[in-house]
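Presented below is the structure to which this report refers.
Nothing in this text is a laboratory measurement; each read-out follows from the coordinates by a stated rule. Model, not experiment: these values are computed from the prediction. Because the Cβ atoms are built from the backbone with ideal geometry, glycine has one as well, and the counts that use them run over all protein chains shown.
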Amino acid sequence: MRRTGMGSVGGTGRAFAVALGVVLAVGGCTVQGTGPDGKGRAPVRIDVTSAPPEGSGKRDTPQGAKEIAGGPKRTPAGDRPPSAPPARTVAPVLWRPGDSGRDVRELQARLRQVEWLADGPTGAYDDPTERAVSGFQGKRGLPRTGRTDTVTWQRLLDMTREPGKWELYLMGGQPADPPDPRCLTGRVLCVSKTSRTLRWMVDGRTVSTMPVRFGSQYTPTREGVFHVYWKSRHHVSTLYDSPMPYAMFFSGGQAVHYSYDFAVRGYAGASHGCVNVRDEAAVAELYTQVRDGDKVVVYR
């Protein structure tokens, strides 16, 4: 039989078989070939999804592909499977809605410093706190989850300073100091100016505790041992024309009573010498328990 270069019938068949094998290999299918001795060759599976190491100089041409029409067959860039994006690392969450405690107070105090939160700190991760965190995150291109993760917290730390005790307990709620020894016997309203708390104690046992505030520098709350001498549920001050609900007078015109101003402004304000309570429900309950003659101890 006469041969013309590589163009014999047998050569053409082999070239077609090679080309078909390459096409199947690129598709990731199993290629069944024939060895030089005419015997069947084991199937070879080409995994086109595994790319060679970067910088190796190799292309993603399937192994065993031969040059056809002057060069190796290459997969067009547009037909290559897209590489998977790198997995995003999720920052651990430190605090979320429903949490409470001293750390949440610090979060709220720092959010107040950058004017994302108007109220508090309360120590409770409530709806306003969640909205403040979400707004802070969105402003800085972070995911608006409303939860405080490590990335959000670090950004807030970088923009704020360590809050003082006054800032942490702007609306009250600070831990009460140990009671004064004079509070350990009998029925006593035990008032600490240092921790700004009132303990209602009976025979040395604390029945309830609530945040309080006192008079200003010019109208200070008197310190010492006193006794409740008059109770007035709907009292209104004749001197300042201001309401004093649940008033329990212990020294002249000074009394323990509920304060609307304290409930709104916290420690940003001051009384005219009285012991103000901001929790109306708590002072209402206290009013029902305190009797005329019960002791009042005000100390630092």
Item to check | When segment 181-299 is reduced to its Cα atoms, the Kirkwood hydrodynamic radius in Å | outcome: 13.9 Å
Checklist outcome for this item: Once Tyr240 and Arg131 are pulled to full extension, the length gained, defined as 0.36 nm per residue separation minus their Cα-Cα distance, is 35.4 nm
Checklist entry - What is the spin-label model distance, in nm, from Arg205 to Gln154 if the labels are put 7 Å beyond Cα along the C-beta direction? => result 5.1 nm
Checklist entry - Working out 0.36 nm times the residue gap between Ala284 and Thr89, then minus their Cα-Cα distance, what length gain in nm do you get to one decimal? => result 65.1 nm
Checklist entry - So which of Lys193/Lys231; Lys165/Lys193; Lys193/Lys295 end up more than 19 Å apart, counting from Cα to Cα? => result Lys193/Lys231
Checklist entry - Once the other residues with Cβ under 13 Å from the Cβ of Pro178 are scored (Lys, Arg +1; Asp, Glu -1), what is the net sum? => result +1
Next on the checklist: If each residue of separation counts as 0.36 nm, what is the full-extension length gain between Thr145 and Arg182 once their alpha-carbon separation is subtracted?
Outcome noted: 8.3 nm
Checklist entry - Can you give the Kirkwood hydrodynamic radius for segment 93-168, in Å, rounded to one decimal and based on Cα pairs? => result 11.9 Å
Checklist entry - How large is ³J(HN,Hα) for each residue in segment 102-110, as worked out from phi by the Karplus curve 6.51 cos²θ - 1.76 cosθ + 1.60 (θ = phi - 60°), to whole Hz, x for Gly and Pro? => result 5, 5, 5, 4, 5, 4, 5, 5, 6
